[in-house]
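The values are calculated or read from the model by the stated rules, or taken from the named source; none is laboratory data. Only a predicted model underlies this, so the values are computations on that prediction, with no experimental measurement involved. Neighbour counts are summed over all protein chains in view; Cβ atoms, including those assigned to glycine, are modelled from backbone coordinates with ideal geometry.
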Amino acid sequence: MHKLFLILIVLSTSVIASGQKITTMDKLISKKLISEGKELFYAGRTSEAMLTFKRAKLKNPKSGEAHFQLSIAQFYLRDYYNAHENARRAEQLITKRKDGEYYYYIGRIYHTVNLIDSAKLFYSISKDKLGPRISKDYDLDILLQQCDFVNSEMKKGVKNIREPFSGAVNSKYDEYGAILIYDQKRLHFTARQPESTGNNINYDDQKFFEDIYRADWDNKRKDWVINTEYMEDYNTEGFDALNFISRNEDYGLLTINTSATIEKSTTSSEIFEFEVDEEDSSWFIDPIKSESINTSYFEGAATISDTTYDEDENTKQTMIFVSDRKAEKTLTDLYTAERINDQWKEAKPLSEVNTTGRETTPFITGDGQYLFFSSDGLNGMGGYDVYYCRLINNKWSEPINLGASVNTVHDDTHFQYFPEYKLGTVSAVNDLNGYFSYDIFKIDLSESDFPFVLK
């Protein structure tokens, strides 16, 4: 009798501790929800998958698989702290099936919350389980190098020198691509906020489409004031990003993609340029007419050097942009095209810097001597890091990582350098009260020893 009483106490305590009694039907429903969540995830509907995995976890809180799949979805949605909590719980609950892919994802999640030694351990186990050939597909050697690079930077005592823009610009939504002009009194940037043109959400990632914004510095408020009307005539209902604008605002390069909207004025992402009408200051926007630049694939994020003149008075500019036209081999790459006497020459890949990973958001200095870009295919801190190259004998030097003073274990992109101010801007995944989104940062480079900073 006493034994039976003790057993009943233990059973009732376990039910209370777990918050619910898990029935066989609950377990079956949880498994079904996990299967449905995986289908949604592989279809690119990550937000819906995350909600489905949450339902699976609620049905069976002791399902390690539910916690694991939820952590992956949260990782891709940049909900890093919750991803880590569910990954940690999955580690406790899953005792049998732990394959190489499992340890890969656990490592990625620990990496994003700066638990570098744990991440390195999980990457090493994943590499052993997957074997050399499949490990290469998962970039495990690069991920292990990233862990070593982070530890090396930390041992050097490198301090991150970025400062976020104010809440007048940054929000819980994504802001990126900052361009400063007029003695830092005007700011152009791109954002995915609810006030976007058409107020539409992109089906693929369940976020608002991009719009271009302009902000002006208010000396009285000591803060930025966004001009909500300035870009109304130019933003479409799709993706709009301003990638380059001249210092006097009379010329610029944009990326526009309306293929996912009812507007459908583009078949994919294309590079546009604009010139300002001298009479009414309006923008005349037109796609770049070159079949080797704008193709049926993704093209965008273009940057361009200042105009130079040779001894025969021929004009020349160098444009660098992003394309995924060879995505089956190299994901996204950087391409370069010269404009000579207003005629575009054939675009060619930048073989000196392209990897099998992703290269994106290039920026070339006005004199054409330095190139900055982000990549996840080179040794760095984690995610996308910012690198720079120097043009030597008409070839770009080996990329150099800007280090922990600029980069983090999260994505760092859209770096631009303003030599006249001795500062840079960068966009990075930022932790705002546990909510991770892209924010814009300013970097004071006046005391740095980077070779591109003029003393």
Quick one: in the stretch 297-327, which of the residues that are at pLDDT 95 or above and aliphatic (A, V, I, L, M) is nearest to residue 366 (Cα to Cα)?
304
If you take the residues of the stretch 355-370 that are of a type in the set (S, T, N, Q) and at pLDDT 95 or above, which of them is surrounded by the fewest Cβ atoms within 10 Å (Cβ to Cβ)?
369
Strands (runs of 3 or more DSSP E) completely within the stretch 353-447 that count 2 or more residues being closer than 21 Å to residue 255 by Cα and either in contact (Cβ under 8 Å) with a residue 60 or more places away in the chain or not assigned by TED's automatic domain parsing to the domain that holds residue 170 (or both)
359-364, 412-418, 423-432, 435-444
For the stretch 144-157, check the following and say yes or no: at least one residue is touching a Gly at 6+ places or on another chain (Cβ under 8 Å), within 28 Å of residue 416 (Cβ to Cβ) and among the hydrophobic types (A, V, I, L, M, F, W, C).
yes
Restricting the search to the stretch 246-267, which residues are in a strand (DSSP E or B) and surrounded by fewer than 21 Cβ atoms within 10 Å (Cβ to Cβ)?
251
Can you confirm whether residue 149 is modelled with pLDDT of 95 or more, surrounded by 14 or more Cβ atoms within 10 Å (Cβ to Cβ), out of contact with any Phe, Trp or Tyr (no Cβ under 9 Å at 6 or more places or on another chain) and of a type outside the set (Gly, Ala, Ser)?
yes
Among the residues of the stretch 249-268, count how many are farther than 20 Å from residue 205 by Cβ and in contact (Cβ under 8 Å) with a residue 60 or more places away in the chain.
2
Go through the stretch 82-99 and count every residue that is surrounded by fewer than 19 Cβ atoms within 10 Å (Cβ to Cβ) and in contact with an Asp or Glu (Cβ under 8 Å, 6 or more places away or on another chain).
1
Looking at (1) part of a helix (DSSP H, G or I); (2) modelled with pLDDT under 95; (3) over 26 Å from residue 146 (Cβ atoms); (4) not basic (Lys, Arg), which one does residue 29 not meet, given that it meets all the others?
(2)
Residue among 138, 173 that is in contact (Cβ under 8 Å) with a residue 12 or more places away in the chain and within 17 Å of the chain's Cα centre (by Cα)
173
Among the residues of the stretch 205-220, are any among the charged types (D, E, K, R), in contact with a helix residue (DSSP H, G or I) (Cβ under 8 Å, 6 or more places away or on another chain), assigned to a loop (DSSP other than H, G, I, E, B) and not assigned by TED's automatic domain parsing to the domain that holds residue 121?
yes
Identity of the residue in the stretch 275-317, assigned to a strand (DSSP E or B) and within 26 Å of the chain's Cα centre (by Cα), that ends up surrounded by the fewest Cβ atoms within 10 Å (Cβ to Cβ)
287
Filtering the stretch 32-81 down to residues that are assigned to a helix (DSSP H, G or I) and either among the acidic types (Asp, Glu) or assigned by TED's automatic domain parsing to the domain that holds residue 409 (or both), which residue is surrounded by the fewest Cβ atoms within 10 Å (Cβ to Cβ)?
39
What are the residues in the stretch 196-210 that are surrounded by fewer than 20 Cβ atoms within 10 Å (Cβ to Cβ) and either modelled with pLDDT under 75 or under 16 Å from the mean Cα position of the chain (by Cα) (or both), if any?
198, 199, 203, 204, 205, 206, 207
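May I ask you to say which residue of 176, 182 is among the aromatic types (Phe, Trp, Tyr), closer than 30 Å to residue 245 by Cα and modelled with pLDDT under 95?
182
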